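Asks: For reference, the structure I am asking about is given below.
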Amino acid sequence: MRSLFRAELQKYCVEIRTYYPDHIVDLVTKFILFATFFYGFVRGAGDSATYSIGYMYWIIASGIVSELSVGISFEKQVGTIEQLTIKPYPFWLILTIKTYVVLVVTTLKCLLLLALIRVTLPIRFNFNVSLLWILLVSVVGFTGIGLALSGLTMKFAKTASFESIISYALLFFSGAIIYFTNMPTVVQKILDVVPFTAGIKASQQALTPAAPHLLPVLLWLLFINALWFATGYWIFSAMFRNVKRNGVLNNY
Amino acid sequence: MSAYYRNVSAVLEGDTNTYWYLTGLQNMRYFGRLKNLREAEISNQAVGLLKTFDLWDARDQTVGEYSRGMRQKLSIIIAMLGDPEVLFLDEPTLGLDTMTKKAVMAHLESLAREKKTTVVLTSHELDVIDAITDRVLVLEHGSIAYVGRTSDFKQLYSENKYTLTVKGTVKTEDVLSDGYTAKEREGMTDITYSTISDDDINRVLRHLLEKRYEVIAFSKDSSRLEQIMEAFLRRKDHNHA
């Protein structure tokens, strides 16, 4: 497992080094978006900590979703995907390790972005170690969603094209722009069991003076994240079996 | 399943099995780790294989800078990491220049002979199949049309045709047989005997040499798989008609 993590991490680092302008552009774009929303919606009207958490979760979640759908689409086009499916490690495990590598790198990018924001904008951040635990649990659910998207991208070439819609939908439901409490009750109930939003809510609560005990929050999060991972894994496995039997669709 | 994949490797679609933004060595490390090989094992095998396949000097170049032949060789090298027992290759010599093609064929032969690796390859290039395979499986319309030793296949579908290439023009009375076709090209004559016994072809050869003709080439159709495949397909078409 360590060997697999090392392989993926080193490959991803070389990839970042090769395509570094893309990452700079991404960082600058995310900064501009942050500043736009901050000055447009949040400053003076809302809670900047709540906003920042939602925004950072969105960056991490959209990074994972992008890697596991656009990344698979790229592997399909260049022809390396078949190589990954015939290795001693199961393909889902390779993808899960990729997710955690993306998590590490995206978190570093988030920290860099936060530093940039801290220096340039009138905003303060609070940090609590609970945030880290909540994020680590939430990633399990993201991985499930990513696996499901990978499976669908393997089979249907056009799935990756919807990545932007998913990404911006995640931004909408991150609570960064529209607070959860301002959303319809039905939507709020649904968002309670979505790992992404449940993680954001738990993180926001952890920063309040009347923060609930971490353990029950984490157990609940663990439950819904495990459920989402299992569902994502099931979709991925069904798609993978289908692809192995009938081949991938390469009609773009 | 994990043990199965540890002992099996594949090169699919030739030159699209590697990451172009990684160097040759980085690709080897990445795929070696995915095979769960130890770092020292990867390094040792990488040195040997890169040198054998003449890629040592290009090990630190990104694959994007490689020629098609170099990428093909790198794909085969990566597939050979960890000494798999079975190696599947899809069109391993497609689009390669003559020298690289010969080098790849020689390496595959030595892999099978020296390391006892079972190499299963698919190819439309019959000279490659002819040169390096022991057994052949012919697919036709998705069904197995023949499976067995390559030499047996050639014998089975041989039409006992002989081709002689002689310098200059050959007189009709020196051809010594009725069932033949002759074609002159660039100062040479190609004579093809389609129905002739072994004894008679020997007699023809002896006669031509006695008459001081210079015989440039002599071959039987069963010596070349390409000709046999043509005969095989013609026979199939004929049966369908």
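Taken together, the values in this text are just the output of simple stated rules run on the coordinates, not laboratory data. This one's a predicted model, so the numbers in the text were calculated from it and none came from an experiment. Please note: Cβ atoms are built from the backbone with ideal geometry, for glycine as well, and neighbour counts cover all protein chains shown.
Asks: Where does helix A:214-246 land angle-wise versus the long Cα axis of chain A, in degrees 0 to 90, nearest 10?
Replies: 30
Asks: Dipole of the range B:2-133, Cα-centred, from +1 at each Lys and Arg C-beta and -1 at each Asp and Glu C-beta, to the nearest 20 debye?
Replies: The dipole magnitude comes to about 460 debye.
Asks: Right, next: Which of the aspartates and glutamates could a cross-linker span from B:Lys167 if the Cα-Cα distance has to be under 17 Å and same-chain partners fewer than 8 positions apart are dropped?
Replies: Counting by Cα, and skipping residues close in sequence, B:Lys167 has these aspartates and glutamates nearby: B:Glu184, B:Glu186, B:Asp190, B:Glu210, B:Glu214.
Asks: A follow-up question, please. Looking at the square roots a ≥ b ≥ c of the eigenvalues of the Cα gyration tensor of chain B, which shape do they give, rounded for a/c under 1.5, prolate if a/b is larger than b/c, or oblate?
Replies: Because a/c hits 1.5 or more and a/b exceeds b/c, chain B counts as prolate.
Asks: Length gain on complete extension for the stretch B:Lys115 to B:Glu186, per 0.36 nm per residue less the alpha carbon to alpha carbon distance?
Replies: Extending this stretch completely gives an extra 21.0 nm.
Asks: Just name one of A:Leu112, B:Thr100, A:Phe5: the one whose Cα is farthest towards the positive end of the charge dipole of the protein assembly as shown (beta-carbon charges, Lys/Arg +1, Asp/Glu -1).
Replies: Towards the positive end, the residue furthest out is A:Leu112.
Asks: Among A:Leu170, A:Leu112, what is the fewest-to-most ranking by other Cβ atoms within 10 Å?
Replies: A:Leu112, A:Leu170
Asks: Now for a different question. Under the rule a/c < 1.5 gives rounded, and otherwise a/b versus b/c splits prolate from oblate, where does the range B:2-133 land using the Cα gyration tensor?
Replies: Oblate.
Asks: Need the list of lysines near A:Lys158 for cross-linking: C-alpha distance under 19 angstrom, and skip anything on the same chain fewer than eight residues off.
Replies: Filter leaves A:Lys76, A:Lys244.
Asks: Okay, moving on. What are the lysines whose alpha-carbon lies under 27 Å from the alpha-carbon of B:Lys171, with same-chain residues fewer than 8 places away excluded?
Replies: Counting by Cα, and skipping residues close in sequence, B:Lys171 has these lysines nearby: B:Lys161, B:Lys183, B:Lys211, B:Lys220.
Asks: Please get the size of the charge dipole for chain B, origin at its Cα centre, with Cβ charges of +1 on Lys and Arg and -1 on Asp and Glu, quoted in debye to the nearest 20.
Replies: Rounded to the nearest 20 debye, it is 560 debye.
Asks: Determine the gain in length on full extension of the stretch A:Leu227-A:Lys244; use 0.36 nm per residue of separation and subtract their C-alpha separation, reporting nm with one decimal.
Replies: Gain on extension, A:Leu227 to A:Lys244, equals 3.6 nm.
Asks: Taking amide H positions as placed in the peptide plane 1.01 Å from N, state which residues far from B:Val120 in sequence (5 or more) or on other chains have amide H under 5 Å from it.
Replies: B:Leu87, B:Phe88, B:Leu89
Asks: Positive end of the dipole of chain B, charges at C-beta (+1 Lys, Arg; -1 Asp, Glu), about the Cα centre: which of B:Val119, B:Val8, B:Val138 has its Cα farthest in that direction?
Replies: B:Val8
Asks: Please list, in order along the range B:158-171, the HN-Hα scalar couplings obtained from phi with the Karplus expression 6.51 cos²θ - 1.76 cosθ + 1.60 (θ = phi - 60°), rounded to whole Hz, x for Gly and Pro.
Replies: Values, residue by residue: 6, 9, 6, 8, 10, 10, 10, 10, 10, 6, x, 9, 9, 6 Hz.
Asks: Here is a follow-up. Which parts of the range B:88-102 would a label at B:Thr122 reach, counting a residue when its backbone N lies under 17 Å from a point 7 Å out along Cα-to-Cβ?
Replies: Output list for this probe position: B:88-95.
Asks: Name the residue from A:Gln83, A:Ile177, A:Val14 whose Cα lies farthest towards the positive end of the charge dipole of chain A, charges +1 on Cβ of Lys and Arg and -1 on Cβ of Asp and Glu.
Replies: It is A:Gln83, whose Cα lies furthest towards the positive end.
Asks: When you look at the Cβ of every residue in A:84-90, what mean number of other chain Cβ atoms sits within 10 Å?
Replies: 6
Asks: In sequence order, what are the phi-derived ³J(HN,Hα) couplings for the range B:123-132 according to the Karplus relation 6.51 cos²θ - 1.76 cosθ + 1.60 with θ = phi - 60°, rounded to whole Hz, with x for glycine and proline?
Replies: Once rounded to whole Hz, the list reads 7, 9, 8, 6, 5, 5, 4, 4, 6, 10.
Asks: From the phi of every residue in the range B:174-185, what ³J(HN,Hα) in whole Hz does the Karplus formula 6.51 cos²θ - 1.76 cosθ + 1.60 yield, where θ is phi - 60° and glycine or proline is x?
Replies: Result, ordered by residue: 8, 6, 6, 7, 8, x, 9, 10, 10, 9, 8, 7 Hz.
Asks: Could you give the dipole magnitude of the protein assembly as shown about its Cα centre, charging the beta-carbon of Lys and Arg +1 and that of Asp and Glu -1, in debye to the nearest 20?
Replies: I would put it at about 1780 debye.
Asks: Now for a separate question. Scanning chain B for helices, which whole DSSP H stretches are 27 Å or more long along the axis (Cα) and average -1.0 or more by Kyte-Doolittle?
Replies: Span-like helices, by this rule, are absent here.
Asks: Additional query: Where does each of B:Arg224, B:Arg235 land when they are ranked from fewest to most other beta-carbon atoms within 10 angstrom?
Replies: Starting with the residue having the fewest Cβ neighbours, the order is B:Arg235, B:Arg224.
Asks: Please list, in order, the residues from the range A:1-39 whose amide nitrogen is less than 13 Å from a point placed 7 Å along the Cα→Cβ vector of A:Phe125.
Replies: A:31
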